[in-house]
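*Asks:* Below is the structure I would like to discuss, written out as structure tokens.
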Amino acid sequence: MNLTIRKATLKDLDEVAVIYEKIHSAEENGEVCIGWQRGVYPERSTALQALQRGDLFVEEQEGRIVGTAILNQIQVDIYKKAHWQYPASEDQVMVMHTLVIHPEVKSQGLGQAFARFYEEYARQQGCSYLRIDTNEKNTRARRFYQKLQYKEIDILPCTFNGIQGVNLVLLEKKID
């Protein structure tokens with residue numbers, strides 16, 4: 001399998017937006033339960049903002065964009081209320097936001113490959129603490145992160161990325 005994970009470019013934006021749309025459709029059809037909302041989050045504008053910041057990444061398989069995530073050191077406000085296991089300074093923390101794999105190619109190890117990339121990217125940036133969040137409803141993601149040794153630290157109610165009534169699961173992992 002020819003797989004590449006790299007920073008996104010402007011030409012990738014449409015394909016990232018298509019993945020978001022496919023996930024919204026899968027959720028509306030009851031195929032997945034992520035807790036995202038079409039027209040609210042994530043949208044093409046989500047990817048564009050990340051692209052402009054330089055923290056949008058894509059996973060490419062045989063020339064096709066099959067996954068995407070945002071990797072940066074931005075901890076959303078609700079993180080301040082969490083009881084983190086590791087009280088790390090902001091410059092020691094890397095956060096993965098909005099990891100999504102195209103629903104047509106799920107269950108092929110693409111999420112795990114992206115998670116490995118995230119951990120290596122964090123190391124290269126000098127970050128030993130990894131943080132991720134997901135909606136409490138997203139039991140598939142919660143199981144996925146637990147298998148990768150992420151620990152659920154807190155579940156906090158909030159409005160998240162414009163979506164009201166979210167119970168946000170905060171996860172953490174320390175790497176060497």
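*Asks:* Could you compute the FRET efficiency for residue 38 and residue 116, with r as their C-beta to C-beta distance and R0 at 30 Å, rounded to 0.05? Write down the numbers at each step before the final one.
*Replies:* Details: r = 30 Å, r/R0 = 1.00.
The computed FRET efficiency comes out at 0.50.
*Asks:* Here's another thing I want to ask about it. Would you mind getting the accessible area per residue of the chain, heavy atoms of the protein chains only, 1.4 Å probe, in Å²? Write down the numbers at each step before the final one.
*Replies:* Numbers: 8940 Å² over 176 residues.
Accessible area per residue, the chain: 51 Å².
*Asks:* When the chain is fully extended, how far beyond the present Cα-Cα distance does residue 31 get from residue 128, taking 0.36 nm per residue of separation? Intermediate values should be presented prior to the final figure.
*Replies:* On the way: separation 97, 0.36 × 97 = 34.92 nm, distance 3.51 nm.
Gain on stretching residue 31 to residue 128: 31.4 nm.
*Asks:* Where does the charge balance sit around residue 17 when Lys and Arg score +1, Asp and Glu -1, over other residues with C-beta under 9 Å from its C-beta?
*Replies:* Details: positive: 44; negative: 14, 15, 21, 43.
Residues near residue 17 contribute -3 overall.
*Asks:* Pull out the extension gain between residue 21 and residue 83, defined as 0.36 nm times the separation in residues minus the alpha carbon to alpha carbon distance; nm, one decimal. Walk me through the numbers on the way to the answer.
*Replies:* On the way: separation 62, 0.36 × 62 = 22.32 nm, distance 3.39 nm.
Contour length minus the Cα-Cα distance gives 18.9 nm.
*Asks:* Note the count of lysine pairs whose C-alpha atoms are less than 16 angstrom apart in the chain, limited to pairs 8 or more residues apart or on different chains.
*Replies:* On the way: 22/106; 147/173; 147/174; 151/173; 151/174.
The result is 5.
*Asks:* According to the square roots a ≥ b ≥ c of the eigenvalues of the Cα gyration tensor, what is the shape class of region 79-155, taking rounded for a/c under 1.5, prolate for a/b larger than b/c otherwise, and oblate for the remainder?
*Replies:* Values: a/c = 2.32, a/b = 1.34, b/c = 1.73.
Oblate, since a/c reaches 1.5 and b/c is not below a/b.
*Asks:* A further question follows. For a quick check, take a GNM of the chain with Cα springs below 10 Å and name the residue from 62, 152, 27 with the largest mean-square fluctuation.
*Replies:* Of 62, 152, 27, the most mobile in the Gaussian network model is 62.
*Asks:* Under the rule of at least 5 residues apart or a separate chain, name every residue whose amide H is placed under 5 Å from the amide H of residue 153.
*Replies:* So residue 153 has HN proximity to 170, 171, 172.
*Asks:* Right, something else. If you project the alpha carbons of region 118-175 onto their three principal axes, what span does each projection cover, largest first, in Å?
*Replies:* 36, 23, 15
*Asks:* Keeping the other protein chains in place, figure out the carbon and sulfur percent of the accessible area of region 31-121, with a 1.4 Å probe.
*Replies:* Numbers: 2060 of 4370 Å².
Percent of accessible area from carbon and sulfur atoms in region 31-121: 47.
The values are calculated or read from the model by the stated rules, or taken from the named source; none is laboratory data. Just so we're clear, the structure is a prediction, and the values are computed from it rather than from any experiment. Please note: Cβ atoms are built from the backbone with ideal geometry, for glycine as well, and neighbour counts cover all protein chains shown. When the accessible area is computed, the model is the full protein with side chains, heavy atoms only, and any ligands, DNA or RNA have been set aside. Shrake-Rupley method; radii C 1.70, N 1.55, O 1.52, S 1.80 Å.
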